[in-house]
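Worksheet: the structure to be examined is printed underneath.
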Amino acid sequence: MKELYTGSLYWPGTSNETKSFAPLQRNAKTQVLVIGGGMSGTICSYVFVNSGLSVTMVERGEVAGGSTSANTGLLQFSNDIMLSKLSKQIGLKAASAFYLACRDAVRTIGDIAAALPADVGFKARSSLYFASSEQDLPMLRDEYEAMKTCGLDVDLWEPEMIERHFPFRKSGAIVTRGDAEINPYRFVNMMANTAAEAGLNIHEQTDIVSHERLPGGGHLLRTADGFEIEAEHVVYAIGYEPEELRGQLIKAELNRSYAIVTEPQKNLASWHQRFLLWETARPYLYMRTTPGNRIIVGGLDEEVEEPLHSAAGRHRRGRKLLEQLHALFPGVQGSIAFEWSATFGESRDGLPFIGQDPQCSTVYYCLGYGGNGTVYSTIAAKLLRDLIKGERHPLTEIVQLSRPSLATV
């Protein structure tokens, strides 16, 4: 099993809603088999079950035990690839459709969170996307104009406006409205629990080791314990483990990032409306607050696949993140309470991989490569549901595995 994070994680200690699900101990039949019990697999399974499909979800570890635990919980419709750049890559119409779908996905997450029986930390937030340097200001202005043209709710703040609301000054910033924050660990666990009550079959500690297509068009999958699952449709929602894909996924790469969570702060009055913060530099610094007045800071991405094992190395990077936080908010007090390193994936065209296997129309992938994994997973849940039901989704060609944009990057 690929190691997805190292260090001390914050989210698992915030939840007492976790349940255990028994491993598969008999042969089974299902309409849809979802492989993976993280954010992608669980939100797909939740949407599928609530759309009337018969679904089984298997996870070789524990639900929410992989990348979900290291997710920092920022939900934004903006992406690692700017709308202005994406428009040049795939055209204005397609790029706008993708960004609007991301905005709508944040709203969908809010709707799901509101329907769950326990608080999962969903809070609507605005974001401040600031220019890291004066040289980035023209690019930021272009992005603002692209967003306004797209119909997104955004403002452009000059240095004086930024300084009026925050204890720092930047050459410019875009304020985006319609973003949010969430506790990803509680969100996934509560979705799993609720979907199980609605009929979702969940099996933890169930590792799929083989997959063969049946002559009649179905699929037969075997577990490491020797049991078989027969399914009409198979969805791979396995996160950042590309060597396990049964189709050919091209032009994606894995990197590692770092995050810290501070001790609770006595006063966050200088943090205007608890905005989510991020910057134009690549790799970028990003940060948010928590309901308990902690601050989460992430960044310092490195082109190395494995998370960092050295505790001393993680702490050095954690201290650097804390220094960057202090540079923006000098009044922040306290030390680092949690710090971790985690693997994350990026596609070379900045878009997720969602859709049918090019070699088999009843095998699907939900792979949210990029910094917007939770948003991408929400888009995937509806898109894949439509494909399974024989319907067409407007984003199908934009995010499919065989999309033309991959040939130009």
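The values are calculated or read from the model by the stated rules, or taken from the named source; none is laboratory data. In this text, all values refer to a predicted model and were calculated from it rather than measured experimentally. Every residue, glycine among them, receives a Cβ derived from its backbone with ideal geometry; neighbour counts consider all protein chains shown.
Quick notes
- Any chance Glu228 is under 30 Å from Asn27 (Cβ atoms), free of Cβ contacts under 8 Å to residues at least 40 places away in the same chain, out of contact with any Gly (no Cβ under 9 Å at 6 or more places or on another chain) and of a type outside the set (A, V, I, L, M, F, W, C): no
- A search for C-beta distances below 7 Å between a residue of region 74-100 that is closer than 30 Å to Val261 by Cβ and free of Cβ contacts under 8 Å to residues at least 12 places away in the same chain and any residue that is assigned to a helix (DSSP H, G or I) and not acidic (Asp, Glu), counting only pairs 6+ apart in sequence or on different chains, returns nothing.
- A count restricted to region 16-34 and to residues that are within 16 Å of Ile208 (Cβ to Cβ) and in contact with a helix residue (DSSP H, G or I) (Cβ under 7 Å, 6 or more places away or on another chain) stands at 2.
- Taken residue by residue, region 358-378 has no member that is closer than 30 Å to Tyr286 by Cβ, surrounded by fewer than 24 Cβ atoms within 10 Å (Cβ to Cβ) and touching a Lys or Arg at 6+ places or on another chain (Cβ under 8 Å).
- Residue check for Ser402: surrounded by fewer than 21 Cβ atoms within 10 Å (Cβ to Cβ) and touching a residue at least 40 places away in the same chain (Cβ under 8 Å): yes
- Per the listing Ala105, Ala64, Ala101, Ala113, the residue uniquely surrounded by 20 or more Cβ atoms within 10 Å (Cβ to Cβ), under 14 Å from the mean Cα position of the chain (by Cα) and at negative phi is Ala105.
- Annotation note: Cβ proximity below 7 Å between a residue of region 147-169 that is assigned by TED's automatic domain parsing to the domain that holds Glu134 and basic (Lys, Arg) and a residue that is crowded, with 16+ Cβ neighbours inside 10 Å and assigned to a strand (DSSP E or B) (sequence gap 6+ or interchain) occurs for Lys148/Val154.
- Total residues in region 316-372 satisfying the condition of being on the phi > 0 side of the Ramachandran plot and part of a strand (DSSP E or B): the figure is 1.
- Sole exception among (1) more than 24 Å from Glu3 (Cα to Cα); (2) modelled with pLDDT under 90; (3) buried (at least 24 other Cβ atoms within 10 Å of the Cβ) for Ala381, by number: (2)
- Odd one out for Ser335 among (1) under 30 Å from Val34 (Cβ atoms); (2) modelled with pLDDT under 95: (1)
- Considered as a group, the residues in region 1-38 that are in a loop (DSSP other than H, G, I, E, B) and among the hydroxyl-bearing types (Ser, Thr, Tyr) include one that is surrounded by the fewest Cβ atoms within 10 Å (Cβ to Cβ), and that residue is Ser20.
- Hits in region 231-266 - residues which are in the same structural domain as Gly61 (by TED's automatic domain parsing), modelled with pLDDT of 95 or more and β-branched (Val, Ile, Thr): Val234, Val235
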